[in-house]
1. I want to confirm something. Restricting to the range 141-152 and keeping residues that are among the polar types (S, T, N, Q) and part of a loop (DSSP other than H, G, I, E, B), which single residue is nearest to the ligand (Cβ to nearest atom)?
2. So, in the range 109-140, exactly how many residues are assigned to a helix (DSSP H, G or I) and within 16 Å of the chain's Cα centre (by Cα)?
3. Name the single residue, out of those in the range 109-135 being away from the ligand (no atom under 13 Å from the Cβ) and either within 16 Å of residue 16 (Cα to Cα) or in contact with a strand residue (DSSP E or B) (Cβ under 6 Å, 6 or more places away or on another chain) (or both), that is most open to solvent (accessible area, probe 1.4 Å).
4. Inspect all residues belonging to the range 22-40 and state whether any of them is basic (Lys, Arg) and either surrounded by 19 or more Cβ atoms within 10 Å (Cβ to Cβ) or near the ligand (Cβ under 9 Å from one of its atoms) (or both).
5. Can you tell which of 19, 10, 53 is over 16 Å from the mean Cα position of the chain (by Cα), part of a loop (DSSP other than H, G, I, E, B) and hydrophobic (A, V, I, L, M, F, W, C)?
6. Going through the range 1-30 one residue at a time, which ones are out of contact with any Ser or Thr (no Cβ under 7 Å at 6 or more places or on another chain), among the β-branched types (Val, Ile, Thr) and either over 18 Å from residue 217 (Cα atoms) or at pLDDT 95 or above (or both)?
7. Counting just the residues of the range 88-108 that are more than 18 Å from the chain's Cα centre (by Cα) and open to solvent by 50 Å² or more (accessible area, probe 1.4 Å), which one comes out nearest to residue 182 (Cα to Cα)?
8. Using the structure shown, decide if residue 240 is more than 11 Å from the ligand (Cβ to nearest atom) and under 23 Å from residue 124 (Cα atoms).
Amino acid sequence: MNGTVPGRFAGQVAAVTGAARGIGAASARRLAAEGASVLLLDVADEHGARVAAQIRDAGGTARYVHCDVATESDWRAAREVVRTEFGGLDILHSNAFVQHAGAAHELDPAAWNRVLAVNLTALHLGVRAFVGDLRDRRGCIVVTSSVHALFGLPGSPAYAASKGGLAALTRQLAAEYGPQVRVNAVLPGPVDTDAWRGLGAEARKRAAAATVLGRLGDPAEVAAVVAFLASADASYVTGASLLVDGGWSVTKDSP
Ligand SMILES: NC(=O)c1ccc[n+]([C@@H]2O[C@H](COP(=O)([O-])OP(=O)(O)OC[C@H]3O[C@@H](n4cnc5c(N)ncnc54)[C@H](O)[C@@H]3O)[C@@H](O)[C@H]2O)c1
């Protein structure tokens, strides 16, 4: 894996949500490749178990656990696994998401609530489950927000609100739990995961053209930044929202 720093997370334990696919799977692979024991949390059990098995086959330590991040009892169960099997947690990567599209006045309140629960409230539940460990072990949280924390996305009011909320909550948690716990966010632009694969070649081409680098990002390129923020290399970084968007956002004012 390009840029991997062997042993950077040796002896550390990481939990990654939404780890069965896309950016979460890439993050789990990257943290494990750098020596962390990784707990993969997701609801896509078959995919998640497969990614964990692949990490183990590559020599890493990984365990998949079913966890609907919107359900507090699932977080408690994940904490039990961490306590009994790994001893404690050093890194939480809060990354899972759902999307329900629709103009604000048309979006069903149940869909709105589910998006906010999975994308935003999950971070609150994750903190409730693990902040004791993170404080004790001087750990960190990395949050996957989005460029849509900063820029509108027509047809996705709940998603954009959840991502803006995550950027604000990242700052808040950094203020609240420092100096013991660092908390930072990545704000990805268009990254080549299932979300984009479903949208067709034209949409992908348009998204690629909207970046300065002229292409979609690879999930591993976001994972590399997650690993940086989780590492001692970022020891003086907290409360930050770091764009990982191929320059998508810097052209938004251009004609
Ligand atoms: N791909 C992009 O272009 C892009 C851009 C900006 C931000 N992001 C953000 O990156 C993160 C990851 O996105 P991705 O593109 O890798 O998505 P993805 O669809 O590839 O993976 C999302 C994962 O979340 C899991 N998940 C869904 N609901 C869950 C729940 N209730 N509990 C636990 N897991 C659940 C899914 O099963 C899936 O494995 C998201 O927060 C997304 O908003 C992605």
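1. Initial filter on the range 141-152 (among the polar types (S, T, N, Q)): 144-146.
After this cut, where a residue has to be part of a loop (DSSP other than H, G, I, E, B) as well, the list is 145-146.
Values: 145: 7, 146: 4 Å.
Across the range 141-152, the extreme among qualifying residues is 146.
2. Within the range 109-140, residues that are assigned to a helix (DSSP H, G or I) and within 16 Å of the chain's Cα centre (by Cα) number 14.
3. Looking at the filtered set, the residue picked out is 128.
4. Pass one, the range 22-40, residues basic (Lys, Arg): 29-30.
Checking the rest, the ones that are also either surrounded by 19 or more Cβ atoms within 10 Å (Cβ to Cβ) or near the ligand (Cβ under 9 Å from one of its atoms) (or both) come to 29-30.
Within the range 22-40, one or more residues are basic (Lys, Arg) and either surrounded by 19 or more Cβ atoms within 10 Å (Cβ to Cβ) or near the ligand (Cβ under 9 Å from one of its atoms) (or both).
5. Working: 19 fails: over 16 Å from the mean Cα position of the chain (by Cα); 53 fails: part of a loop (DSSP other than H, G, I, E, B).
From the options 19, 10, 53, the qualifying one is 10.
6. Once the filter is applied, which keeps residues that are out of contact with any Ser or Thr (no Cβ under 7 Å at 6 or more places or on another chain), among the β-branched types (Val, Ile, Thr) and either over 18 Å from residue 217 (Cα atoms) or at pLDDT 95 or above (or both), the range 1-30 yields only 5.
7. The initial filter retains those residues of the range 88-108 that are more than 18 Å from the chain's Cα centre (by Cα), namely 88, 100-108.
Those still in the list that are open to solvent by 50 Å² or more (accessible area, probe 1.4 Å) too: 100-101, 104-106, 108.
Values: 100: 31, 101: 33, 104: 34, 105: 37, 106: 38, 108: 36 Å.
Of everything passing the filter in the range 88-108, 100 is nearest to residue 182 (Cα to Cα).
8. Details: more than 11 Å from the ligand (Cβ to nearest atom): yes; under 23 Å from residue 124 (Cα atoms): yes.
Considered against the rule, which asks whether it is more than 11 Å from the ligand (Cβ to nearest atom) and under 23 Å from residue 124 (Cα atoms), residue 240 comes out as yes.
The values are calculated or read from the model by the stated rules, or taken from the named source; none is laboratory data. The model shown is predicted, which means the values in this text are computed figures rather than measured ones. Backbone-built Cβ (ideal geometry, glycine too); neighbour counts: all protein chains shown. Just the protein is used for accessible areas: all its heavy atoms, side chains included, with ligands, DNA and RNA removed. Shrake-Rupley method; radii C 1.70, N 1.55, O 1.52, S 1.80 Å.
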